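Written below as C-alpha cells is the structure these notes are about.
The values are calculated or read from the model by the stated rules, or taken from the named source; none is laboratory data. Only a predicted model underlies this, so the values are computations on that prediction, with no experimental measurement involved. Cβ placement follows ideal geometry from the backbone for every residue including glycine, while neighbour counts extend to all protein chains displayed.
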C-alpha cells in the first residue's frame, strides 16, 4: 500500500474518532436537556425544597397489648444559611424567645461544616405546638427557614424509663459511620430504644416541594413523581407487665435499689425496675429536655439515670447459698440429712462469720434459717475435696460450676449495658495474697455470697429462675415479638443447662426455700393461699449499712414468676426486700393484695430521707 493511501486511511480514522466524540456529546446534551429531569431539578433549586420525610417510630406494647410508648407530632425549624438574606431576624427571635446574640451563634454553627451554608440543619428542635403555630403565620418573612415535621416519644404512664430507654440526637461519629443518619437525626440511646433501633426507626422518605417567593410550600414537584415514601418503624411487643412494673416502682419509691421479675419457663422479663428512677416524659422535647437531662445527670446522690438492675454489681449475700448447696450435693459432699454445728457463727474460725442463734441444722433447715456456719463448712468442703490434687483445682471447679448459673458472665439479654458481675479468679487471689499463699479459709466469705463476689439484680433473678426450672434458664429478654408477624430471635428460645441437673437436689433446696416463708427468715412475708419459695439475704456493704436482698418464685410447681429485689442500705432481707417481693408475687398471681398494713408500710416509707439524715450527722 502506498504512503498516500496510508495517509488517507489515517485521516479517515482520526476524523471518524472526532466525529464519534462529537456525537457522544450531542447525545449526552440531548439526554441532559430533554430527557433527564434531574438537571431541571438542580436548575430549579431556588424554587424547590428537598424535604426529608421522617418515618413514624415503632410503637411499644406490653405483654397484654397495652401501649407503653407512642408518638406525638413535633416540629424542627430548619435553616439553609445561604438563603437567609432578607430574613426578618428580629421577628424570628421574638417568636423563638431568643436574643440576637443567640441567633448569630446558631447561624455561625450552621455555617461551620464544609459546604454547610448550602445544607439544611436544625436551628430550633422540637418546637411546641404553640411556637409552631406562631411561626407558621410569619414564615414568609423568614427567608432561608422552613419547618420539618418529626415525631417525639410519649409515655401514657410515667414508668419503665430504664427499660424503655430514651431517644436523643445522633452523635457526629455515628453519623459519619452510618450513611442512614445525618447530624440532627434522632437515635435510641439506652434501653429498648437502643437495642431495637434498627427495627424501631423505619426508613426515611424524600419529598420535593415547590415553594413560592414567600417561602411557602405551594405543592409537590411533578405530582410527587420523584418522591419516596417513608416506611414506619416496626411495632415491638414486649414481655413487660405494665401493671406489675408500675406497682413495683411504687413500692420502690423512696428507696434505692432494683427489682427484676422473670417468667421462668420462657425467660421473659415481667418487670425491670431501677430506683430512684424518673418519668420518661422528662426526656422529651427541646429546651425542657435539655434542662431535665442536665438535672438528672448531675444528681450524684440518687443517680436516677443509672440502671441498677443491669449495671449495679452487689454482693449477693445469703441468696448465694442456694448455689453452694446445689454444687455440694452434686459433688456428693452433703445430702438432705447432713448437719453442721452453729455456735452463733462458724466454730473453726472463732465464730466468724457470725450467725443468728438457731443451733445445728440440716440441709433444709440451713436454707430456711440462712445459716452462715453451715455454708462456711459447705464452701470449704467443695474447694478442699480430695478429688483434686491441688487446692486451686478445687477452687476452679467451684468457680466453673457457679458460672453456669450466670454469675460472672453477661447473660446475653436484649438490653444494653448489662454488667457481668464478678466471680473472682485464682489469678486475682494470687495477685492479692501471693501464689500458693491462700486457702479456703482465706476466702471463706465467698461461701456466703460476700468478699469480691458480685451479681447484678438481673443475674439474681436469673439464678432463682434456673432453680424454679430445676436446672436450666432461658436468656432473659424483654421483647417477645417484632412487627406484625411478631417475630422473635431464636436465641431467646434456647435452654441453658446449669452445672447441677439432679431433680432430687433441687427438691431439697426448694423445700428449704418454702420453709423460709413457712417458718424461717422470711416468715413475716408469707402470703395466704400462695406457696412461695424464697431466700433472704443480708449483703454486707463495706461502704455503709447492709443491703436487703430477697429472691423467690411461685407457685412451687409450674412457677409463673421468679423475682429478685435488693434495697440498698436497708438491713435484713426479711425486713424490706421480702415484703416487696411477696407483694409483687401476690399482685401478679392474684390480681390484688390482701396485706394492707404491709403494703402501706412499703409504699409510704422513704428510706432515702433516713440516708440523708444519717449522712448529715456523719
Of everything in region 361-404 that's touching a residue at least 60 places away in the same chain (Cβ under 8 Å) and assigned to a loop (DSSP other than H, G, I, E, B), which residue is surrounded by the fewest Cβ atoms within 10 Å (Cβ to Cβ)?
-> 404
Residues (in contact with a helix residue (DSSP H, G or I) (Cβ under 8 Å, 6 or more places away or on another chain) and surrounded by fewer than 17 Cβ atoms within 10 Å (Cβ to Cβ)) located in region 172-204 | 182, 183
Some residue of region 429-438 being over 30 Å from residue 558 (Cβ atoms), surrounded by fewer than 24 Cβ atoms within 10 Å (Cβ to Cβ) and in contact with a helix residue (DSSP H, G or I) (Cβ under 7 Å, 6 or more places away or on another chain) = yes
Any chance region 105-115 includes a residue that's loosely packed, with under 13 Cβ neighbours inside 10 Å and modelled with pLDDT of 90 or more?
-> yes
Which ones in region 500-517 are exposed (fewer than 15 other Cβ atoms within 10 Å of the Cβ) and assigned to a helix (DSSP H, G or I)?
-> 503, 504, 507
When every residue in region 597-618 that is at pLDDT 95 or above and over 29 Å from the mean Cα position of the chain (by Cα) is compared, the one nearest to residue 247 (Cα to Cα) is 600
For region 124-234, which fully contained helices (runs of 4 or more DSSP H) count at least 2 residues that are more than 30 Å from residue 245 (Cα to Cα)?
-> 129-138, 172-177
Does region 249-262 contain any residue that is in the same structural domain as residue 469 (by TED's automatic domain parsing), within 15 Å of the chain's Cα centre (by Cα) and not in a strand (DSSP E or B)?
-> no
Qualifying residue in region 211-218 (condition: out of contact with any helix residue (DSSP H, G or I) (no Cβ under 7 Å at 6 or more places or on another chain), under 22 Å from residue 258 (Cα atoms) and in contact (Cβ under 8 Å) with a residue 60 or more places away in the chain) = no
Does any residue of region 276-285 turn out to be touching a residue at least 24 places away in the same chain (Cβ under 8 Å), under 36 Å from the mean Cα position of the chain (by Cα), surrounded by 17 or more Cβ atoms within 10 Å (Cβ to Cβ) and within 26 Å of residue 542 (Cα to Cα)?
-> yes
In this structure, is residue 194 in contact with a strand residue (DSSP E or B) (Cβ under 6 Å, 6 or more places away or on another chain) and at pLDDT 95 or above?
-> yes
Out of region 270-295, which residues are touching a helix residue (DSSP H, G or I) at 6+ places or on another chain (Cβ under 8 Å) and either assigned to a loop (DSSP other than H, G, I, E, B) or closer than 20 Å to residue 65 by Cβ (or both)?
-> 270, 271, 272, 276, 277, 278, 279, 280
Single unsatisfied condition, residue 448 versus (1) touching a helix residue (DSSP H, G or I) at 6+ places or on another chain (Cβ under 6 Å); (2) surrounded by fewer than 20 Cβ atoms within 10 Å (Cβ to Cβ); (3) over 30 Å from residue 194 (Cα atoms) = (2)
When every residue in region 340-360 that is touching a strand residue (DSSP E or B) at 6+ places or on another chain (Cβ under 8 Å) and part of a loop (DSSP other than H, G, I, E, B) is compared, the one surrounded by the most Cβ atoms within 10 Å (Cβ to Cβ) is 342
Would you confirm whether any residue within region 415-432 is in the same structural domain as residue 554 (by TED's automatic domain parsing), assigned to a loop (DSSP other than H, G, I, E, B) and either free of Cβ contacts under 8 Å to residues at least 12 places away in the same chain or closer than 23 Å to residue 335 by Cβ (or both)?
-> no
Which residues, taken from region 435-462, are touching a strand residue (DSSP E or B) at 6+ places or on another chain (Cβ under 7 Å) and not in a loop (DSSP other than H, G, I, E, B)?
-> 454, 455, 457, 458, 460, 461, 462
Would you pick out the residues in region 476-499 that are surrounded by 18 or more Cβ atoms within 10 Å (Cβ to Cβ) and assigned to a helix (DSSP H, G or I)?
-> 492
